[in-house]
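Step one of this worksheet: look at the structure below.
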Amino acid sequence: MRLSHFALATCLFALPIAGAATLPAFAAVTVSELGDLSAMHTIVADTQALVASNDLAGAETKITEFETAWDNAANDLRARNAQKWDAIDAASDAALEAVRADAPASDAALTALLAQLDNPGATNAAGVVTTDTSGKPLPCEDMLAKYRAAQPKAASLDDATKAKVAELEAKGLERCNADDDKRADDFFGQAIQLIGA
């Protein structure tokens, strides 16, 4: 009797699961210490698609939907990890401002926000790496060197973007002189992103 049970179990184990080849793959979920941010990620991705299709009114409506969801979750997310919340919040502010101004940089700002939602704190609001592997801000002198290496490419920018880059450089230098690596890195990183380096 035991042998027949064993044989039956072996046969059942060997049989392929019906439809196994057609099982849907699980969708990627954006999860971090802040929890599941996939719904917010979807809203931002939808906003970016609207920007790409030149539906600026639709993009503005959609980014406002993100803003509402983000604000409603702010207290809970900040309590989980204030530093990571702050990194996403800075990227959020930049994306909101860019989309609402119909700025040419809105696609890059939305890409940076998506990067923050995927991996909070790994990059600055502009999507440029500003921390070492332990999460500590890079020395602002290092970020300044990266910015200066990218600066020759700024010659091809329009006047408005050049002015913004110069403003970010000035803010970065001021924060670097004050030994505020984190904020200096962010300003230099935004300038690098605008230059497109």
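Tabulated results
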read-out	value
Set 172, 58: member being at pLDDT 90 or above, in the same structural domain as residue 183 (by TED's automatic domain parsing) and in a helix (DSSP H, G or I)	172
Cβ-Cβ under 7 Å pairs, at least 6 apart or on other chains, the range 95-116 side touching a residue at least 12 places away in the same chain (Cβ under 8 Å), far side in a loop (DSSP other than H, G, I, E, B) and surrounded by 24 or more Cβ atoms within 10 Å (Cβ to Cβ)	112/125; 112/126
Verdict on residue 89 being modelled with pLDDT of 85 or more and within 19 Å of residue 47 (Cα to Cα)	yes
Residue 109 within 26 Å of residue 164 (Cα to Cα), assigned to a loop (DSSP other than H, G, I, E, B) and at pLDDT below 85	no
The range 92-106: number of residues that are modelled with pLDDT under 85 and within 13 Å of residue 48 (Cβ to Cβ)	2
Top-ranked residue in the range 61-102 [being more than 18 Å from the chain's Cα centre (by Cα) and outside any helix (DSSP H, G or I); ranked as surrounded by the fewest Cβ atoms within 10 Å (Cβ to Cβ)]	101
Condition met for residue 155 (surrounded by fewer than 16 Cβ atoms within 10 Å (Cβ to Cβ), out of contact with any Cys (no Cβ under 6 Å at 6 or more places or on another chain) and assigned to a helix (DSSP H, G or I))	yes
Count of the range 138-152 residues which are in contact with an Asp or Glu (Cβ under 7 Å, 6 or more places away or on another chain), in a helix (DSSP H, G or I) and either among the aliphatic types (A, V, I, L, M) or surrounded by fewer than 12 Cβ atoms within 10 Å (Cβ to Cβ) (or both)	1
Odd one out for residue 179, checked against (1) modelled with pLDDT of 85 or more; (2) surrounded by fewer than 19 Cβ atoms within 10 Å (Cβ to Cβ); (3) acidic (Asp, Glu); (4) on the phi < 0 side of the Ramachandran plot	(4)
Residues of the range 154-184 satisfying the condition of being charged (D, E, K, R) and in contact with a Leu (Cβ under 8 Å, 6 or more places away or on another chain)	164, 181
Enumeration of residues in the range 117-129 that are crowded, with 18+ Cβ neighbours inside 10 Å and at pLDDT 75 or above	117, 120
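The values are calculated or read from the model by the stated rules, or taken from the named source; none is laboratory data. Nothing here was measured: the structure is a model prediction, and the numbers come from that model. When we count neighbours, we look across all protein chains shown, and the Cβ atoms used for this are built from the backbone with ideal geometry, even at glycine.
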